[in-house]
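Input: a single structure, listed below in structure tokens.
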Amino acid sequence: MTPPPGWYRDPSAPHQERWWDGTAWTEHRRAPEPVGYGPAVGAAGPGPRTGTGGRGKAVALTAAAAVLVAAIVTGVFVLGEDDGGSPRTRTPPVTETATGPA
């Protein structure tokens with residue numbers, strides 16, 4: 001009886017896992033996940049996580065969040081008030097007044 005399809009310790013590289021399709025080993029390999037995390041052995045097929053261990057998506061999201069925060073902080077400094085926080089007021093133009101007998 002053969003084992004069901006799933007991720008198993010690679011017989012040629014014990015530090016990696018390899019996908020068993022139910023009849024033969026495929027070329028899909030990945031780093032083993034820590035015990036207690038992720039799907040059980042044989043639960044999920046090879047997919048976009050192959051070779052990254054799922055960490056690639058987390059790194060991309062963290063980088064995107066850092067760029068967003070940097071853009072917000074830059075916007076605050078560039079668009080913020082530069083006169084000590086007081087609102088801008090317009091003073092009326094100075095005009096000459098005529099002096100003379102009324």
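A cut-off of 5 Å between modelled amide H atoms, ignoring neighbours fewer than 5 places along the same chain, links Asp10 with Gln16, Glu17, Arg18. The phi torsions of segment 69-80, fed into the Karplus equation with coefficients 6.51, -1.76 and 1.60 and a -60° offset, translate into couplings of 5, 4, 5, 5, 4, 4, x, 4, 6, 6, 8, x Hz, rounded to whole numbers, with Gly and Pro shown as x.
Mind ordering 65-71, 29-35 by average Cβ neighbours within 10 Å, highest first?
Numbers: 65-71: 10.0, 29-35: 13.3.
Most protected by this proxy first, the peptides run 29-35, 65-71.
Taking other C-beta atoms within 10 Å as the exposure proxy, His28, His15 rank His15, His28 from fewest upward.
Values in this text are rule-based calculations from the coordinates and carry no lab data. Model, not experiment: these values are computed from the prediction. In this analysis, Cβ positions are derived from the backbone assuming ideal geometry, glycine residues included, and neighbour counts consider all displayed protein chains.
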